[in-house]
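What follows is one structure encoded as structure tokens, with my remarks underneath.
None of the figures in this text is laboratory data; all of them are computed from the coordinates on show. As the structure is a prediction and not an experimental result, all values here were calculated from the model. Every residue, glycine as well, gets a Cβ built from its backbone with ideal geometry; the counts of neighbours run over all protein chains shown.
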Amino acid sequence: MPQTVVVGVDGSQESVRALRWAADHVRQVGGIVHAVTVWHQPVQFGYRFPSTDAELEKQGKQALDSAMAQVKPDFPSLDIQAKLIRGQVIDEFVKLSRQADLLVVGNKGHGAFTGMLVGSVAMKIVHHAVCPVTVVR
């Protein structure tokens, strides 16, 4: 049975590797890849950052487009769909996990603690997703 594989893309090279891994996996087993970037307006201590929603959405789209441009040409016959979502990263990927056969994320991304072995976002997704999760290193 074809698989629905959802991949988290945040603009990092780790997420590009995750997208490439997912595309290769789906090429072998059949199915569809959903490359997903989730963006939101960060708030810290009650203060919004100076970036506008339009700027943040544009940055998310650029990250997604860049990852697609790096991976899609190597898998021309594969169904890879790009999706940009506004929301909280963990919440959105947990929701997506309800409809996916597999979630794929990079081991670390664009976060405050990029030196961690496995990023906090990846760890939270592993613990809360309702489908299997692959963390690509």
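Key figures for this structure:
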read-out: Three-way shape label, segment 3-136, alpha-carbon gyration tensor, a/c 1.5; value: prolate
read-out: Stokes-Einstein D for segment 7-86, Kirkwood Rh over Cα pairs, 4 °C, 1.567 mPa s (µm²/s); value: 97 µm²/s
read-out: Computed helical MRE - 222 nm, the chain, DSSP H runs ≥ 4 contributing -39500 (n - 2.57), nearest 500; value: -12500 deg cm²/dmol
read-out: Magnitude of the charge dipole, the chain, Cβ model with Lys/Arg +1 and Asp/Glu -1, debye to 20; value: 140 debye
read-out: Fewest-first ranking of Lys124, Lys108, using other Cβ atoms within 10 Å as the exposure measure; value: Lys124, Lys108
read-out: Crossing angle, helix 53-71 versus the chain [Cα axis fit, 0-90 degrees, rounded to tens]; value: 30 degrees
read-out: Relative contact order [Cα under 8 Å, 6+ residues apart], the chain, whole percent; value: 32 percent
read-out: Stretch in the chain that is longest and holds no chymotrypsin sites (Phe, Trp or Tyr not before Pro) that DSSP places in a loop and that have at most 16 other beta carbons within 10 Å; value: 46-112
read-out: 0 to 90° range, to nearest 10: angle between helix 13-29 axis and the chain longest Cα axis; value: 30 degrees
